[in-house]
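In what follows, a structure is listed as C-alpha coordinates, so that the remarks can point back to it.
The values are calculated or read from the model by the stated rules, or taken from the named source; none is laboratory data. Small disclaimer: the values here were computed from a predicted structure and weren't measured. For neighbour counting, all protein chains shown are included, and Cβ atoms are generated from backbone atoms with ideal geometry for every residue, glycine included.
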Amino acid sequence: MDARVLLRHVLKCTAARLAGWPEQRLSAREWEDYRALVERRVAGEPVAYLVGEREFFGRNFMVTPAVLIPRPDTELLVELALAHFSGEPRLRLLDMGTGSGALAVTLALELEGADVTALDRSREALWVAMANAAKLGASVSFVQSDWFSGLGEERFQLIVANPPYIAAADPHLEEGDLRFEPRTALAAGPAGLDDLAEIIAGTPHHLEPGGWLFLEHGYDQAMSVRSLLADAGFAAITSWKDLGGIERVSGGRWLGRA
Ligand code: GLN
(Lines give C-alpha, C1' and ligand atoms only; values in the text may rest on other atoms or scores of the structure.)
Protein backbone atom coordinates (compact mmCIF):
# COMPACT_ATOMS: atom_id res chain seq x y z
CA MET A 1 0.00 0.00 0.00
CA ASP A 2 2.83 2.43 0.84
CA ALA A 3 4.46 1.59 -2.49
CA ARG A 4 1.28 2.47 -4.36
CA VAL A 5 0.89 5.76 -2.44
CA LEU A 6 4.50 6.69 -3.28
CA LEU A 7 4.07 5.73 -6.93
CA ARG A 8 0.91 7.80 -7.21
CA HIS A 9 2.81 10.70 -5.68
CA VAL A 10 5.56 10.44 -8.32
CA LEU A 11 3.08 10.06 -11.21
CA LYS A 12 0.65 12.60 -9.72
CA CYS A 13 -2.21 10.26 -10.58
CA THR A 14 -5.29 8.77 -8.94
CA ALA A 15 -5.59 5.26 -7.51
CA ALA A 16 -8.06 4.44 -10.28
CA ARG A 17 -5.55 5.42 -12.96
CA LEU A 18 -2.83 3.32 -11.36
CA ALA A 19 -5.14 0.30 -11.12
CA GLY A 20 -6.57 0.75 -14.61
CA TRP A 21 -3.27 1.22 -16.44
CA PRO A 22 -0.77 -1.13 -14.79
CA GLU A 23 1.31 -1.55 -17.99
CA GLN A 24 2.30 2.13 -17.97
CA ARG A 25 6.09 2.53 -18.26
CA LEU A 26 7.90 4.95 -16.02
CA SER A 27 10.31 7.45 -17.52
CA ALA A 28 13.89 7.24 -16.26
CA ARG A 29 13.25 10.31 -14.14
CA GLU A 30 10.04 8.87 -12.60
CA TRP A 31 11.79 5.60 -11.85
CA GLU A 32 14.64 7.45 -10.16
CA ASP A 33 12.26 9.57 -8.05
CA TYR A 34 10.22 6.53 -7.11
CA ARG A 35 13.28 4.50 -6.09
CA ALA A 36 14.55 7.36 -3.96
CA LEU A 37 11.22 7.55 -2.11
CA VAL A 38 11.06 3.78 -1.62
CA GLU A 39 14.58 3.82 -0.18
CA ARG A 40 13.65 6.55 2.28
CA ARG A 41 10.51 4.62 3.24
CA VAL A 42 12.56 1.46 3.78
CA ALA A 43 14.81 3.51 6.08
CA GLY A 44 11.69 4.33 8.11
CA GLU A 45 10.58 7.80 7.02
CA PRO A 46 6.80 8.19 7.37
CA VAL A 47 4.76 8.14 4.16
CA ALA A 48 3.10 11.42 5.15
CA TYR A 49 6.44 13.23 5.18
CA LEU A 50 7.50 11.64 1.88
CA VAL A 51 4.36 12.77 0.07
CA GLY A 52 4.00 15.96 2.14
CA GLU A 53 0.39 15.49 3.13
CA ARG A 54 -2.06 13.55 5.29
CA GLU A 55 -5.85 13.48 5.36
CA PHE A 56 -7.66 14.63 8.49
CA PHE A 57 -11.45 14.86 8.83
CA GLY A 58 -11.85 14.58 5.05
CA ARG A 59 -9.34 17.26 4.07
CA ASN A 60 -5.71 17.06 2.94
CA PHE A 61 -3.25 18.83 5.22
CA MET A 62 0.29 19.67 4.22
CA VAL A 63 2.78 18.15 6.67
CA THR A 64 6.53 18.54 7.09
CA PRO A 65 8.90 17.05 9.68
CA ALA A 66 8.28 20.22 11.74
CA VAL A 67 4.81 18.96 12.69
CA LEU A 68 3.17 15.88 14.14
CA ILE A 69 1.37 13.81 11.50
CA PRO A 70 -2.39 14.15 12.15
CA ARG A 71 -3.93 10.94 13.55
CA PRO A 72 -7.48 9.61 13.12
CA ASP A 73 -7.72 9.45 16.97
CA THR A 74 -7.73 13.24 17.07
CA GLU A 75 -10.94 13.39 15.01
CA LEU A 76 -12.67 12.56 18.30
CA LEU A 77 -11.75 16.04 19.55
CA VAL A 78 -13.36 17.56 16.45
CA GLU A 79 -16.52 15.52 16.95
CA LEU A 80 -16.79 16.56 20.60
CA ALA A 81 -16.34 20.22 19.74
CA LEU A 82 -19.04 19.96 17.05
CA ALA A 83 -21.40 18.08 19.38
CA HIS A 84 -21.06 20.75 22.08
CA PHE A 85 -20.82 23.93 20.02
CA SER A 86 -22.49 23.53 16.58
CA GLY A 87 -24.80 26.47 15.99
CA GLU A 88 -23.14 28.61 18.68
CA PRO A 89 -22.88 32.11 17.19
CA ARG A 90 -19.40 33.71 17.21
CA LEU A 91 -17.81 30.91 19.20
CA ARG A 92 -14.39 31.92 20.56
CA LEU A 93 -12.11 28.92 20.30
CA LEU A 94 -8.41 28.29 21.04
CA ASP A 95 -6.25 25.39 19.79
CA MET A 96 -3.07 25.01 21.86
CA GLY A 97 -0.06 23.42 20.16
CA THR A 98 -1.67 23.48 16.73
CA GLY A 99 1.18 21.81 14.77
CA SER A 100 -0.09 21.29 11.21
CA GLY A 101 -3.23 23.24 12.15
CA ALA A 102 -5.38 20.15 11.59
CA LEU A 103 -7.64 20.86 14.59
CA ALA A 104 -7.85 24.65 14.27
CA VAL A 105 -8.45 24.65 10.50
CA THR A 106 -11.00 21.82 10.67
CA LEU A 107 -12.94 23.53 13.47
CA ALA A 108 -12.82 26.91 11.70
CA LEU A 109 -14.33 25.27 8.62
CA GLU A 110 -16.88 23.10 10.44
CA LEU A 111 -18.10 25.70 12.97
CA GLU A 112 -19.41 28.52 10.86
CA GLY A 113 -18.65 31.99 12.20
CA ALA A 114 -16.27 30.71 14.88
CA ASP A 115 -13.44 33.00 15.89
CA VAL A 116 -10.49 30.57 15.98
CA THR A 117 -7.07 31.24 17.49
CA ALA A 118 -4.25 28.70 17.20
CA LEU A 119 -0.93 28.83 18.97
CA ASP A 120 2.33 26.96 18.79
CA ARG A 121 5.79 27.49 20.21
CA SER A 122 7.41 26.42 16.93
CA ARG A 123 7.71 29.01 14.18
CA GLU A 124 8.21 26.23 11.61
CA ALA A 125 4.96 24.58 12.72
CA LEU A 126 3.11 27.90 12.46
CA TRP A 127 4.26 28.28 8.85
CA VAL A 128 2.77 24.87 8.04
CA ALA A 129 -0.46 25.66 9.89
CA MET A 130 -0.79 29.01 8.11
CA ALA A 131 -0.21 27.36 4.74
CA ASN A 132 -2.96 24.85 5.54
CA ALA A 133 -5.40 27.56 6.61
CA ALA A 134 -4.70 29.46 3.36
CA LYS A 135 -4.93 26.34 1.17
CA LEU A 136 -8.20 25.17 2.74
CA GLY A 137 -9.76 28.64 3.01
CA ALA A 138 -10.02 28.80 6.82
CA SER A 139 -9.80 32.00 8.77
CA VAL A 140 -7.62 31.41 11.85
CA SER A 141 -5.51 33.81 13.95
CA PHE A 142 -2.06 32.37 14.66
CA VAL A 143 0.04 33.25 17.70
CA GLN A 144 3.58 32.14 18.48
CA SER A 145 3.38 31.21 22.14
CA ASP A 146 4.92 28.70 24.54
CA TRP A 147 1.57 27.58 25.97
CA PHE A 148 0.13 30.68 27.68
CA SER A 149 3.16 32.98 27.50
CA GLY A 150 2.09 34.91 24.39
CA LEU A 151 -1.66 34.87 24.96
CA GLY A 152 -2.41 38.02 26.95
CA GLU A 153 -5.71 38.23 28.81
CA GLU A 154 -7.92 36.66 26.16
CA ARG A 155 -10.71 34.29 27.17
CA PHE A 156 -12.40 31.62 25.11
CA GLN A 157 -15.54 29.48 25.26
CA LEU A 158 -13.69 26.40 24.08
CA ILE A 159 -10.04 25.38 24.40
CA VAL A 160 -8.78 22.22 22.67
CA ALA A 161 -5.33 20.66 22.63
CA ASN A 162 -3.54 17.57 21.40
CA PRO A 163 -0.37 18.22 23.40
CA PRO A 164 2.70 16.02 23.78
CA TYR A 165 1.78 13.22 26.19
CA ILE A 166 4.21 10.32 25.75
CA ALA A 167 6.51 9.42 28.66
CA ALA A 168 10.06 10.50 27.86
CA ALA A 169 11.43 6.98 28.33
CA ASP A 170 8.63 5.22 26.39
CA PRO A 171 10.35 2.82 23.94
CA HIS A 172 7.70 3.61 21.29
CA LEU A 173 9.52 6.91 20.71
CA GLU A 174 12.29 4.86 19.10
CA GLU A 175 9.93 2.92 16.82
CA GLY A 176 8.15 3.52 13.51
CA ASP A 177 6.96 6.97 12.46
CA LEU A 178 7.51 8.46 15.93
CA ARG A 179 11.32 8.42 15.37
CA PHE A 180 10.88 11.02 12.62
CA GLU A 181 8.31 13.30 14.27
CA PRO A 182 9.29 16.33 16.38
CA ARG A 183 10.16 15.02 19.84
CA THR A 184 8.77 18.23 21.33
CA ALA A 185 5.34 17.33 19.88
CA LEU A 186 5.42 13.86 21.45
CA ALA A 187 7.28 13.59 24.76
CA ALA A 188 6.25 15.33 27.96
CA GLY A 189 8.27 14.43 31.04
CA PRO A 190 8.61 11.22 33.05
CA ALA A 191 4.91 10.24 32.92
CA GLY A 192 3.97 12.17 29.78
CA LEU A 193 1.79 14.45 31.90
CA ASP A 194 3.92 17.60 32.15
CA ASP A 195 2.26 19.56 29.34
CA LEU A 196 -1.25 18.28 30.12
CA ALA A 197 -0.77 19.48 33.73
CA GLU A 198 0.53 22.88 32.62
CA ILE A 199 -2.39 23.39 30.23
CA ILE A 200 -4.97 22.34 32.82
CA ALA A 201 -3.48 24.66 35.43
CA GLY A 202 -3.46 27.64 33.06
CA THR A 203 -6.76 27.32 31.19
CA PRO A 204 -9.02 28.64 33.98
CA HIS A 205 -7.48 32.08 33.33
CA HIS A 206 -8.41 31.80 29.66
CA LEU A 207 -11.91 30.29 29.76
CA GLU A 208 -15.18 32.19 29.99
CA PRO A 209 -17.43 30.98 32.80
CA GLY A 210 -19.25 27.95 31.33
CA GLY A 211 -16.46 27.28 28.83
CA TRP A 212 -15.07 23.84 28.02
CA LEU A 213 -11.59 22.35 27.84
CA PHE A 214 -11.05 19.18 25.74
CA LEU A 215 -7.66 17.43 25.85
CA GLU A 216 -6.33 14.44 23.96
CA HIS A 217 -4.14 12.16 26.06
CA GLY A 218 -2.48 8.72 26.15
CA TYR A 219 -4.33 5.39 26.43
CA ASP A 220 -3.55 5.07 30.16
CA GLN A 221 -3.80 8.71 31.25
CA ALA A 222 -7.57 9.34 31.50
CA MET A 223 -7.68 8.91 35.28
CA SER A 224 -4.67 11.17 35.85
CA VAL A 225 -6.10 13.84 33.56
CA ARG A 226 -9.49 13.70 35.28
CA SER A 227 -7.83 14.17 38.64
CA LEU A 228 -5.76 17.12 37.34
CA LEU A 229 -9.00 18.66 36.05
CA ALA A 230 -10.66 18.11 39.42
CA ASP A 231 -7.70 19.67 41.29
CA ALA A 232 -7.93 22.74 39.04
CA GLY A 233 -11.65 23.14 39.88
CA PHE A 234 -13.27 21.96 36.65
CA ALA A 235 -16.84 20.62 36.69
CA ALA A 236 -18.65 18.07 34.50
CA ILE A 237 -15.39 16.14 34.12
CA THR A 238 -15.75 13.42 31.48
CA SER A 239 -13.60 11.09 29.37
CA TRP A 240 -14.58 9.97 25.88
CA LYS A 241 -13.51 6.84 23.99
CA ASP A 242 -11.89 6.79 20.56
CA LEU A 243 -12.82 4.36 17.76
CA GLY A 244 -10.60 1.72 19.37
CA GLY A 245 -12.64 1.92 22.60
CA ILE A 246 -9.82 3.69 24.50
CA GLU A 247 -10.44 6.75 26.67
CA ARG A 248 -8.60 9.26 24.47
CA VAL A 249 -10.07 12.68 25.28
CA SER A 250 -10.95 14.12 28.69
CA GLY A 251 -12.48 17.45 29.45
CA GLY A 252 -14.32 19.62 31.86
CA ARG A 253 -16.33 22.77 32.18
CA TRP A 254 -15.07 25.90 33.87
CA LEU A 255 -17.92 27.38 35.91
CA GLY A 256 -16.05 29.64 38.27
CA ARG A 257 -13.88 32.71 38.00
CA ALA A 258 -10.12 32.76 37.82
N1 GLN B 1 -1.14 9.71 19.55
C2 GLN B 1 0.24 9.85 19.24
C3 GLN B 1 0.94 8.51 19.33
O4 GLN B 1 0.84 7.86 20.34
C5 GLN B 1 0.93 10.84 20.14
C6 GLN B 1 0.45 12.20 19.89
C7 GLN B 1 0.78 13.14 20.99
O8 GLN B 1 1.73 12.96 21.75
N9 GLN B 1 -0.01 14.14 21.10
O10 GLN B 1 1.58 8.12 18.39
inquiry  = Taking the condition of being among the acidic types (D, E) and either crowded, with 17+ Cβ neighbours inside 10 Å or within 16 Å of the ligand (Cβ to nearest atom) (or both), how many residues in the range 197-214 meet it?
reply    = 1
Extreme residue, surrounded by the most Cβ atoms within 10 Å (Cβ to Cβ), among residues of the range 77-89 that are of a type in the set (A, V, I, L, M, F, W, C) and touching a Leu at 6+ places or on another chain (Cβ under 8 Å) = L77
request  = Of the numbered conditions (1) more than 10 Å from the ligand (Cβ to nearest atom); (2) under 22 Å from I69 (Cβ atoms); (3) surrounded by 15 or more Cβ atoms within 10 Å (Cβ to Cβ), L193 fails exactly one; give the number of that condition.
outcome  = (2)
query = Of all residues in the range 154-171 being over 19 Å from L103 (Cα atoms), more than 6 Å from the ligand (Cβ to nearest atom) and modelled with pLDDT of 95 or more, which is surrounded by the fewest Cβ atoms within 10 Å (Cβ to Cβ)?
reply = P171
key: Residues within the range 95-108 that are under 16 Å from A134 (Cβ atoms) and assigned to a helix (DSSP H, G or I), tallied   = 5
ask   = Any idea which of G52, G58, G20, G113 is touching a residue at least 12 places away in the same chain (Cβ under 8 Å), surrounded by fewer than 16 Cβ atoms within 10 Å (Cβ to Cβ) and over 26 Å from L151 (Cβ atoms)?
value = G52
Where A187 falls short, out of the listed (1) within 8 Å of the ligand (Cβ to nearest atom); (2) touching a residue at least 60 places away in the same chain (Cβ under 8 Å) = (2)
Filtered residues of the range 151-169 (kept if within 15 Å of the chain's Cα centre (by Cα) and free of Cβ contacts under 8 Å to residues at least 60 places away in the same chain) = Y165, I166
request  = Scan the range 131-150 and report the pairs whose first residue is more than 10 Å from L109 (Cα to Cα) and whose second residue is assigned to a helix (DSSP H, G or I) and among the acidic types (D, E), with Cβ atoms within less than 8 Å and a gap of 6+ or a chain change.
outcome  = W147/D195; W147/E198
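This table checks each residue for (1) closer than 25 Å to L178 by Cβ; (2) modelled with pLDDT under 95.
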| site | (1), (2) |
| --- | --- |
| C13 | no, yes |
| G20 | no, yes |
| S27 | no, no |
| E30 | no, no |
| D33 | no, no |
| R41 | yes, no |
| L50 | yes, no |
| F56 | yes, no |
message = Being among the aliphatic types (A, V, I, L, M) and part of a helix (DSSP H, G or I) is the filter here; which residues of the range 109-131 pass it?
response = L109, A125, L126, V128, A129, M130, A131
query = Given the structure, is E174 within 15 Å of the ligand (Cβ to nearest atom), closer than 22 Å to G99 by Cα and either among the aromatic types (F, W, Y) or touching a Lys or Arg at 6+ places or on another chain (Cβ under 7 Å) (or both)?
reply = no
inquiry  = Just to verify a result, which residue in the range 215-245, among those that are within 15 Å of the ligand (Cβ to nearest atom), acidic (D, E) and at pLDDT 95 or above, is surrounded by the fewest Cβ atoms within 10 Å (Cβ to Cβ)?
reply    = D220
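Matching residues to (1) surrounded by 17 or more Cβ atoms within 10 Å (Cβ to Cβ); (2) closer than 18 Å to L186 by Cα; (3) within 15 Å of the ligand (Cβ to nearest atom):
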{"residue": "V63", "(1), (2), (3)": "yes, yes, yes"}
{"residue": "I69", "(1), (2), (3)": "yes, yes, yes"}
{"residue": "P72", "(1), (2), (3)": "no, yes, yes"}
{"residue": "E75", "(1), (2), (3)": "yes, yes, yes"}
{"residue": "L91", "(1), (2), (3)": "yes, no, no"}
{"residue": "T98", "(1), (2), (3)": "yes, yes, yes"}
{"residue": "V105", "(1), (2), (3)": "yes, no, no"}
{"residue": "L119", "(1), (2), (3)": "yes, yes, no"}
{"residue": "A129", "(1), (2), (3)": "yes, yes, no"}
